[in-house]
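First up is the structure itself, then whatever we jot down about it.
The values are calculated or read from the model by the stated rules, or taken from the named source; none is laboratory data. All values derive from a computational prediction rather than experimental measurement. Here the Cβ is made from the backbone with ideal geometry for all residues, glycine too, and neighbour counts use every protein chain on show.
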Amino acid sequence: KKEEWAKLKDEATVTSDNQHVELVSNIGTPDDVAGVLNNGGEGVGLYRTEFLYMGKSQLPTEEEQFEAYKSVLSQMKDKPVVVRTLDIGGDKELDYLDLPDEMNPFLGFRAIRLCLERDDIFRTQLRALLRASVYGNLKIMFPMIATLDEFRQAKSILDEEKQNLQNEGTDVSDKIEVGIMVEIPATAVMAKQFAKEVDFFSIGTNDLIQYTMAADRMNERVSYLYQPYNPAILNLINNVIEASHAEGKWTGMCGEMAGDEIAIPILLGLGLDEFSMSSTSILPARTQILSLSKEEMASYKDEILSMGTSEEVVEFVKSKAALQ
Ligand code: PEP
Ligand code: MG
């Protein structure tokens, strides 16, 4: 099997009916890029920048961040690199920020919420990203967006820093797409409104599932509710994809679900444009996608979205998509 996969390293990801989808990878550090390229990744769909901030005693400087972003972008050459701005909080803490303990960290002061209040931290990161943008194909993504207002604020801070850099005579790419993670149900419901303002969506199913089902993603006792194939989740995903396409925008997915062999045929049928996963999942996923017909999967869409339970969905997909 490994040899079969290796042959597909430099192949495009096209379905049996000749539809291309983007198969990209999640990374945490510049060292992960080698794995993406060795496994035939067509880009980076999620660069989790929080690792730059973790395991140290102070915030990373603009220069440190610039070097990391430049390294990832230049190694990836013209391939797309989606960099997520700081997503700290929940299960990821930073001791040196000295934030008060919270009763519900997953529902608390984290990610874009923290960045909009501590905009000194946010601006440093954005400046580093903007400066690095000339070394590759950068896309910037904001995490945990719950309202249009948050997106507009984040975007206007980005625009301000871009203007500042240009006034200082620093080159900044003028082709940077700016998108959001869809990992909060409100945002999935409001996708139509968001789609008019963002350049792209990336669905973060790890959090979207936990928030939709009200089941902590770290809590074993409620893990039975953590159901990627629950029609509630699939309908939210469908809403996001349809809304983006209606505005000529694209939708990716960077949660674990994107690399799951039962989810892949469903997501293909819903029209997902980009699948981002750990680099070791790329070749198995490409092998699977090559054998699937997008048109056929799309013909099951209404039936799947009307189903009542996760089990029904799984059984149906297994019967249609040649899975054991
Ligand atoms: C997600 O929520 O699906 C996601 C990709 O982000 P993280 O796992 O880093 O929270
Ligand atoms: Mg998340």
- Task: Under 8 Å between Cβ atoms, at least 6 apart or on separate chains: pull out the pairs that start in segment 156-182 with a residue that is under 26 Å from Ala243 (Cβ atoms) and in contact (Cβ under 8 Å) with a residue 12 or more places away in the chain and end on any residue that is in a loop (DSSP other than H, G, I, E, B) and away from ligand 2 (no atom under 16 Å from the Cβ).
- Result: Glu177/Asp199; Val178/Val198; Val178/Asp199; Gly179/Val198; Gly179/Asp199; Ile180/Val198
- Output for segment 33-59, where each listed residue is surrounded by fewer than 20 Cβ atoms within 10 Å (Cβ to Cβ), more than 16 Å from ligand 2 (Cβ to nearest atom) and not basic (Lys, Arg): Ala34, Gly35, Leu37, Asn38, Gly55, Ser57, Gln58, Leu59
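Conditions tested, residue by residue: (1) without any contact (Cβ under 8 Å) to a residue 60 or more places away in the chain; (2) under 26 Å from Pro284 (Cα atoms); (3) in contact with a strand residue (DSSP E or B) (Cβ under 8 Å, 6 or more places away or on another chain).
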residue	(1), (2), (3)
Asp31	yes, yes, no
Gly45	no, yes, yes
Arg84	no, yes, yes
Glu117	yes, no, no
- Assess whether Ser281 counts as being crowded, with 17+ Cβ neighbours inside 10 Å and either within 16 Å of ligand 2 (Cβ to nearest atom) or assigned to a helix (DSSP H, G or I) (or both). yes
- Counting only residues that are among the hydrophobic types (A, V, I, L, M, F, W, C) and either within 16 Å of ligand 1 (Cβ to nearest atom) or not in a helix (DSSP H, G or I) (or both), how many does segment 143-173 have? 4
- Task: Exactly one condition in (1) buried (at least 22 other Cβ atoms within 10 Å of the Cβ); (2) farther than 27 Å from Val240 by Cα; (3) within 16 Å of ligand 1 (Cβ to nearest atom) is not met by Ile140; state its number.
- Result: (2)
- Item | Scope segment 87-114; condition of a type outside the set (Val, Ile, Thr), within 12 Å of ligand 2 (Cβ to nearest atom) and within 19 Å of Gln153 (Cβ to Cβ); matching residues | Asp87, Gly89, Arg110, Ala111
- Of all residues in segment 43-70, count the ones that are away from ligand 1 (no atom under 15 Å from the Cβ) and either farther than 20 Å from Ser278 by Cβ or touching a Lys or Arg at 6+ places or on another chain (Cβ under 6 Å) (or both). 16
- Query: Quick check: is even one residue across segment 28-42 in a helix (DSSP H, G or I), at pLDDT 95 or above, hydrophobic (A, V, I, L, M, F, W, C) and over 17 Å from the mean Cα position of the chain (by Cα)?
  - Reply: yes
- Take segment 50-80 and flag every residue that is hydroxyl-bearing (Ser, Thr, Tyr), in a loop (DSSP other than H, G, I, E, B) and either at pLDDT below 95 or in contact with a strand residue (DSSP E or B) (Cβ under 8 Å, 6 or more places away or on another chain) (or both). Ser57
- Task: Taking only segment 89-103 into account, find how many residues are outside any strand (DSSP E or B), surrounded by 13 or more Cβ atoms within 10 Å (Cβ to Cβ) and within 14 Å of ligand 1 (Cβ to nearest atom).
- Result: 2
- Task: Determine whether segment 195-217 contains at least one residue that is within 16 Å of ligand 2 (Cβ to nearest atom), in a helix (DSSP H, G or I), surrounded by 22 or more Cβ atoms within 10 Å (Cβ to Cβ) and of a type in the set (Gly, Ala, Ser).
- Result: no
